[in-house]
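The structure appears right after this line, and notes come after that.
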Amino acid sequence: MTTATEAGHDHRDAADETGAISRQEFEADAREFLKAHAAERMEEDFVWGEGSDNVSLLPERMPEQDLADLAVAREWARTVYDAGFGWISGPTAYGGRGLHRDYQAIYNSVARDYDTPSMSAYGIGLGMVAPTILAHATEEVKQAYLAAMHRGDIVACQLFSEPGSGSDLASLQTRAVKDGDEWIVNVQKVWTSGAQFSDIGEVICRTDPDLPKHRGLTGFVVDMHAPGVEVRPLRQMTGGASFNEVFFTDVRIPDSHRLGDVNGGWTVALTTLMNERAAIGGGGGGVGLPTTTRIIEMIRALGRAGDPLIRQQLASVIINERVASYTNLRAMAKIAVGQLPGPEMSLAKLSLTANMLRTSDLVSSVLGASITADTGTWGTYAWSDYVLSAPGMRIAGGTDEVLRNVLGERVLGLPKEPPVA
Ligand SMILES: Cc1cc2nc3c(=O)[nH]c(=O)nc-3n(C[C@H](O)[C@H](O)[C@H](O)COP(=O)(O)OP(=O)(O)OC[C@H]3O[C@@H](n4cnc5c(N)ncnc54)[C@H](O)[C@@H]3O)c2cc1C
């Protein structure tokens, strides 16, 4: 069997920069840990009609299920962190292990051989908020939250969008006003994923309405259990309620919980948005994408495998999936050598969501009316969840249109969009 280290790092078998552990030893430790705490993943032979037919992209859970899943994820996060695999490349000063980033890739590669709980509740916190805290927070906040977030003790959400500000995030209106050593925050955020079970949130507020819009913003870490924070669930068209409206009424935030400089919030927001695009484009944003095998078997089972138009649509999905995975590899390689994720991340996210649309069109062509009414046939109506949640993925983390603007301007060098008055 080829090991993860042999496959990726046979030219580098020296210990990491701290001299603590070689890549081979680390991989052996990771395998030993996972073997002791998780079941080995069986080779999945997809058989039409067997097992779950769920292909939803967004969580469709009831609140009790949310809490039960979170308890399982939290237990696993603690076990992983306490064994030294919870924040492998994080600085030791904040509870990380201080190893090079590619040790994380080694762990991930080994972990793919084991069945472990879904960690989707932690996706936004660890993928977007924690890197922003590390880059911009005060020492007090880094010490208070980073280790606890990686150990699963704290769940975080991203409080950016408002009813009137999404793509044009810099136009946001939520006000924070300084009062001694504290800031008082009022108004509303919307589409906040996971706010219903979050302990902290990264919020961007307007702190100087007289400055140009990008320059009057400030970022904060807010306690989601503080007086004046109210979370109201929003139901999505698939039936679940995975995001929320969040209202702030005179919520007090200590100045020590400010991220970056006063009125320097745009830089803070960009750190989070870059990481968000990387998380969604690189890993599907925590969504479990249905495999091509599942789609092919559905086409066979419904007797459409000989239809030339269906075959053409399927070929397009498979080719584009392959191209997107190569784009991701290029972007991930950049990140692995410590470079900032750039326009490749916009391209990766756009490729992913464009293929979701192709997949929706393909399964709709195959399933016809059975995608709109449940006849009880396995693996048919279940696709309605996918078709109804795919549009949301084309909006979250930068809409398709906005990402095309980014690519047009930053990759193709086209003239910039005229500013909106
Ligand atoms: C599944 C999901 C999860 C989300 N989770 C979070 C979260 O956790 N936290 C959070 O803060 N937000 C979250 N959001 C909100 C998301 O960031 C916004 O919906 C997104 O930024 C778009 O903003 P908007 O909805 O206000 O649409 P708008 O910005 O009003 O856009 C409306 C339409 O106009 C187009 N458009 C806008 N500007 C331009 C332009 N310059 N050029 C061309 N076309 C343009 C858009 O592409 C879109 O089609 C989530 C959204 C979804 C769908």
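The values are calculated or read from the model by the stated rules, or taken from the named source; none is laboratory data. Keep in mind the model is a prediction, meaning the values are calculated, not measured. So basically every Cβ, Gly included, is an ideal-geometry build from the backbone, and we count neighbours across all protein chains shown. Calculation scope for accessible area: heavy atoms of the full protein, side chains included, ligands and nucleic acids excluded. Shrake-Rupley method; radii C 1.70, N 1.55, O 1.52, S 1.80 Å.
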**Asked** Between residues in the range 383-396 that are closer than 17 Å to residue 351 by Cβ and open to solvent by 40 Å² or more (accessible area, probe 1.4 Å) and residues that are within 8 Å of the ligand (Cβ to nearest atom) and in a helix (DSSP H, G or I), which pairs lie under 8 Å by C-beta distance while being six or more apart or on different chains?
**Response** 394/400
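Within the range 402-421, restricting attention to residues that are open to solvent by 70 Å² or more (accessible area, probe 1.4 Å) and touching a residue at least 40 places away in the same chain (Cβ under 8 Å), which residue is farthest from the ligand (Cβ to nearest atom)?
411
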**Message:** Whether any residue in the range 329-350 is open to solvent by 40 Å² or more (accessible area, probe 1.4 Å), free of Cβ contacts under 8 Å to residues at least 60 places away in the same chain, under 20 Å from the mean Cα position of the chain (by Cα) and within 13 Å of the ligand (Cβ to nearest atom) is what I want to check.
**Reply:** no
**Prompt:** Considering only the range 179-222, how many residues are in contact with a Leu (Cβ under 8 Å, 6 or more places away or on another chain), open to solvent by less than 10 Å² (accessible area, probe 1.4 Å) and farther than 28 Å from residue 70 by Cβ?
**Reply:** 2
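Return yes or no: is residue 130 at pLDDT 95 or above, crowded, with 22+ Cβ neighbours inside 10 Å, of a type in the set (Gly, Ala, Ser) and in a helix (DSSP H, G or I)?
The answer is yes for residue 130.
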**Request:** Those residues that are part of a strand (DSSP E or B), away from the ligand (no atom under 16 Å from the Cβ) and touching a helix residue (DSSP H, G or I) at 6+ places or on another chain (Cβ under 7 Å), I need them from the range 149-189; list them, please.
**Result:** 182, 183
**Matching residues, the range 396-414, being modelled with pLDDT of 90 or more and in a loop (DSSP other than H, G, I, E, B)** = 399, 412, 413, 414
**Matching residues, the range 190-211, being within 12 Å of the ligand (Cβ to nearest atom) and assigned to a loop (DSSP other than H, G, I, E, B)** = 194, 198
**Item:** Whichever residue in the range 86-98 is within 23 Å of residue 73 (Cβ to Cβ) and among the hydrophobic types (A, V, I, L, M, F, W, C) and, among such residues, is farthest from the chain's Cα centre (by Cα)
**Value:** 88
**Complete:** Contact list, first residue from the range 215-244 and over 26 Å from residue 133 (Cα atoms), second anywhere and within 15 Å of the ligand (Cβ to nearest atom) and among the basic types (Lys, Arg), beta-carbon distance below 9 Å, six or more apart or interchain, is 240/61; 241/61; 241/235
**Message:** Quick test of your reading of the structure: residue 46 fulfils all but one of (1) under 22 Å from the mean Cα position of the chain (by Cα); (2) open to solvent by 40 Å² or more (accessible area, probe 1.4 Å). Name the failing condition by number.
**Reply:** (1)
